1. What are the ³J(HN,Hα) values, in whole Hz, obtained from phi via the Karplus relation 6.51 cos²θ - 1.76 cosθ + 1.60 with θ = phi - 60°, for each residue of segment A:125-131 in sequence order, with x given for Gly and Pro?
2. Within a 10 angstrom radius of the beta carbon, how do A:Tyr181, B:Tyr133 rank from fewest other beta carbons to most?
3. Can you give the FRET efficiency to the nearest 0.05 for A:Arg10 and B:Thr184, using r as the Cβ-Cβ distance and R₀ = 60 Å?
4. Once amide H atoms are placed 1.01 Å from N in the peptide plane, what residues at a sequence separation of 5 or more from A:Ile133, or on another chain, have their amide H within under 5 Å of its amide H?
5. As a footprinting exposure proxy, order A:Lys249, A:Lys61 by other Cβ within 10 Å, with the fewest listed first.
6. Over chain B, calculate the relative contact order: mean separation of alpha carbon pairs under 8 Å at least 6 apart, over the residue count, as a percent.
7. Taking a spot 7 Å from the Cα of A:Thr157 along the direction of its beta carbon, which residues of segment A:68-106 have an amide N less than 11 Å from it?
8. Tell me the net charge near A:Val60. Cut-off is 11 Å between Cβ atoms, A:Val60 excluded, with +1 for each Lys or Arg and -1 for each Asp or Glu.
Amino acid sequence: MSKAVLVDLRRCIGCRACQVACKRWNDREATPTELNSDSKLEWTNPPGLSPQTYTYVRFVKTGSQDSLKWTFAKIQCNHCIQPHCVTACPTTALVKTEDGPVIYRKELCIGCAYCVNACPFDVPKFDEENKVIEKCTFCSERLKENIEPACVQACPTNTLVLTSLEEARRRAAEASAEGNYIYGLDEVGGTSWIYISEVPFTELGFPSHTKATAGEYQQDIITKFAGTGILIGGALLAGLKLYSQRMNKVAEAEGGE
Amino acid sequence: MAEISWGILLAAYIFVGGLAGGAFMIAALADLFGKEKFKELAKAGTYVSIVSIIVGLVFLVLDLGRFKVDPLGILNAFIHFPTSIMSVGTWIISALTVMALLTAVLWIFHGLEIVRKLLGIVGFVLGASTTAYTGLLLAFSRGRPFWASPFLPWTFIISGSLTGLAMSLLLIPLIALVMPRFSTDFKELVDDKQRFADVLVGSQKYVLAMIIVEMGLVLIEIVTGHFGALLTLGGLSMLFFVYIVFGLILPLGVAYFILKGKYIGKELQVPISMLSFIFILVGGFLLRYVILTAGQLVL
């Protein structure tokens with residue numbers, strides 16, 4: 001049974017317990033940071049994912065004065081159902097497990113960083129010193145022992161709920177029917193971390209993606225590549241025909257003289 | 001803002017890789033259709049392809065930076081075939097290397113022409129695939145929408161062919177000068193000034209055609225929005241402009257005036273052609289560097 005986490009942003013209070021729990025469990029270092037210079041994200045700290053930061057809470061201000069509202073959005077690997085990083089990886093260092101987590105096997109990695117560019121959510125971060133990538137592991141080793149991921153266990157408000165993928169999708173669909181915004185049901189063919197929010201996800205900095213899976217996305221590009229090839233070929237043939245017609249005319253004109 | 005994980009070493013790798021594929025495509029076409037006139041070009045293209053693959057491998061290993069830690073680790077890249085386009089590329093380049101080496105052996109030891117030409121047909125497909133796959137690899141990167149253009153692989157194919165032709169034509173006098181005993185045909189060709197000029201002028205037709213196609217592709221990519229961002233990126237825009245002028249416009253002008261027999265006197269055709277080939281190579285590198293970097297900066 002594939003696991004998933006329902007992330008109900010309506011409940012998040014921005015306490016960052018998940019950030020701390022993740023750092024502790026994964027033995028990540030605290031890194032010096034400064035206040036985010038982006039006025040919409042000014043309390044976000046750390047400012048983004050990094051080899052030492054597998055998850056962070058994005059502090060987003062929407063509206064102004066009386067309509068000012070804070071939304072806190074936890075960001076981490078979404079453990080996509082059909083991950084682009086897994087498709088991209090030439091060595092199978094990145095693998096989608098049956099339990100749900102997309103895990104990373106350092107021993108197979110060649111440090112090509114293709115996953116860094118392939119990921120639709122800009123998640124894997126390259127560790128320049130060790131030439132490997134770092135990202136959220138969904139605490140796969142804890143899941144194997146039937147323990148919740150560190151961030152889920154630490155969350156005091158039940159913003160993060162570990163459940164089955166089917167249950168998470170069902171609850172998200174219910175919330176959508178109630179007028180809330182959902183992220184992760186359709187995007188890139190669906191993800192294992194599914195979000196519910198009262199605020200549109202575009203305002204929270206979540207990238208817009210179609211529902212095409214990695215395979216469908218690539219197939220679409222290949223089809224367009226072949227199609228443009230036919231167009232280019234046709235244009236070339238037409239160009240060659242015009243050129244040789246012109247050359248014949250020039251030759252005839254010179255022959256006449 | 002996205003960080004740069006693919007830098008100048010990787011730009012050099014995809015430039016040299018494209019050149020390798022393109023050079024073998026040119027070599028195959030010259031051997032199949034060029035008859036005696038372009039025999040030396042067919043040889044030169046084969047040698048350029050092999051050397052470029054080796055140089056490309058060095059750039060790649062340097063970029064990965066794991067040679068001391070895990071020298072054979074790079075072989076893992078063969079594993080995820082055919083799902084990962086990067087793995088597909090690894091196999092394609094390996095197959096191209098084998099084809100190019102076999103072809104070079106047949107050239108050096110005057111082997112069976114029919115076998116060599118058959119290898120050329122297979123090698124042409126592999127060469128085209130080598131130049132195209134890096135474009136597809138970039139286009140598949142869903143996190144970098146700047147690269148998501150079906151025209152990108154075609155741009156790389158034509159640029160690879162153009163740079164491959166330029167490098168092969170530069171290699172002939174280079175070998176004739178530096179190690180003439182390696183290929184006596186190259187020395188004989190360069191010494192026969194009239195014949196060498198004929199080969200260069202004959203090649204300029206194809207240079208002209210390829211530049212026009214490349215210009216068309218770059219224009220389409222600017223108009224369809226993908227490369228539009230390249231016009232507003234400060235230093236990168238400058239490099240893009242340098243590519244347009246030195247990599248496309250100047251060599252186009254040289255090719256046109258040489259073919260028309262205008263402005264460039266017969267005694268200047270060879271040196272000016274050589275200079276324009278160097279510009280083509282510089283342009284080819286800049287194109288890849290700009291595309292690779294911009295794709296990681298533009299959101």
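Each reported figure results from applying straightforward, stated rules to the coordinates on display, with no laboratory input. Not measured: the values here are computed from a predicted model. Note that we place each Cβ from the backbone using ideal geometry, even for glycine, and neighbour counts take in every protein chain shown.
1. 10, 8, 8, 4, 6, 9, 6
2. Working: A:Tyr181 18, B:Tyr133 25.
Ranked by crowding around the Cβ, least crowded first: A:Tyr181, B:Tyr133.
3. 0.15
4. When sequence neighbours closer than 5 places are left aside, the close amide H contacts are A:Asp127.
5. Values: A:Lys249 10, A:Lys61 15.
The most exposed by this proxy come first: A:Lys249, A:Lys61.
6. This gives 26 percent for chain B.
7. A:70-74
8. +1
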